[in-house]
Amino acid sequence: MNEQKTIKILRFESLPSTNEYAKTLRPTGEDTLIIAASQTGGKGTKGRSFSSNTGGLYLSALNFYENFPSANAFLIMAKAATAVCKTLESFSLIPKIKWPNDVYVNGKKICGILIENAFLGDKIKNSIVGIGLNVNNLLPDELSEIATTMNECLQKETPLDLVEERLIGLLYAEFSFEEYCNRLGFLNEPATLVTGEKTLSVVPRGVNERGELLAEEQGVLRAFSSAEISLRF
Ligand code: BTN
């Protein structure tokens, strides 16, 4: 029999950051979704901020695990990125994932994902999956060249509640790594890998089951972990 998980949903008009709010709920041990209509201090990866004006979808899913090996952490990212892609596809868009988990449409970023895991030994105790999807929100001018919204791509507003409903359904649905791989973009074209102080010229070829980027560097195929590097085109 399929066991149904109950997810508590908390909604806010505005929060500094849904991820930060989710952290305060870790002691509850309860799977919870936190959704905010806007964020005043939206957090991105690598300490960056994330523009979070009204009209976008900003949510964090706090999930608890009994026995989730840290070695499989990448699957949490891959599942979130795949759920976002499937949501966008259901509105006739063609999204591509830029490894590890940025989602692009028409060459511009439409969604950012920030995962914050809590570990105990070699297991993940709980994860916070923060997703910011640009739906009908206005982007600041400085992002207009690099980011986009569903509104800009479709040339019309999409009901935010519909996008939210589809994304939530997919976040808690079955997922396979293959579905993630099928949506990977930016492969087989020259890129720069920034790893610590060094930059490497590479050609990304794919992603392995551990979530490492497989990229050719000077004719040799190497595996790079997302904790160490970022990928630029
Ligand atoms: C990135 O692209 O750098 C990741 C952005 C993640 C943004 C989302 S919005 C909901 C959640 N709350 C936050 O403060 N950040 C994430």
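Fraction of C-alpha pairs exceeding 18 angstrom in the stretch 78-216: 60 percent, rounded to a whole number. Projected over every direction and averaged, the convex hull enclosing the alpha-carbon atoms of the chain yields 13.5 nm². Taken one residue at a time, the phi angles of the stretch 143-156 give Karplus couplings (6.51, -1.76, 1.60, θ = phi - 60°) of 9, 4, 7, 10, 10, 9, 10, 4, 4, 5, 5, 9, 6, 6 Hz. Gly and Pro are set to x. Taking θ as phi - 60° and the Karplus parameters 6.51, -1.76 and 1.60, the scalar couplings of the stretch 101-118 work out to 8, 8, 10, 10, 10, 6, x, 10, 6, 10, 8, x, 10, 10, 9, 10, 9, 10 Hz in sequence order, x denoting glycine and proline. With helices as the sole contributors, the chain gives -6000 deg cm²/dmol at 222 nm; each DSSP H run of n ≥ 4 counts as -39500 (n - 2.57), and the sum is divided by every residue. Distances between placed amide hydrogens fall under 5 Å for residue 222 paired with 215, 216, 217, all partners being 5 or more residues away or on another chain. Report the antiparallel proportion of the DSSP beta bridges in the chain as a percent, rounded to a multiple of 5. Bridges in the chain are about 85 percent antiparallel. Can you give the convex hull volume of the alpha carbon atoms of the stretch 43-156 per residue, in Å³? Measuring per residue, one finds 103 Å³ for the Cα hull of the stretch 43-156.
To the nearest 20 Debye, how big is the dipole of the stretch 1-40 about its Cα centre, given +1 on the beta carbon of each Lys and Arg and -1 on that of each Asp and Glu?
It works out to roughly 40 debye.
Computed from the Cβ-Cβ distance with R0 of 41 Å, the FRET efficiency linking residue 200 to residue 6 stands at 0.30. Each residue of the stretch 7-49 gets 72 Å³ once the volume of the Cα convex hull is shared out per residue. Diffusion coefficient (Stokes-Einstein, Kirkwood radius over C-alpha pairs, 25 °C, 0.890 mPa s) for the stretch 129-203: 155 µm²/s, rounded to a whole number. 3J(HN,Hα) along the stretch 13-29, derived from phi through the Karplus expression 6.51 cos²θ - 1.76 cosθ + 1.60 where θ = phi - 60°, amounts to 5, 8, 9, x, 7, 5, 5, 5, 4, 4, 4, 5, 8, 3, x, 6, x Hz, with x in place of Gly and Pro. Between the amide H of residue 207 and those of 214, distances stay under 5 Å, these residues lying 5 or more places away or on another chain, with hydrogens modeled in the peptide plane. Summing +1 for each Lys or Arg and -1 for each Asp or Glu, what net charge is found among the other residues whose Cβ lies under 12 Å from the Cβ of residue 37? Neighbour charge sum, excluding residue 37 itself: -2.
Read the figures in this text as sums done on the coordinates, not as results from a lab. Remember, predicted model here, so these are calculated numbers, not experimental data. Backbone-built Cβ (ideal geometry, glycine too); neighbour counts: all protein chains shown.
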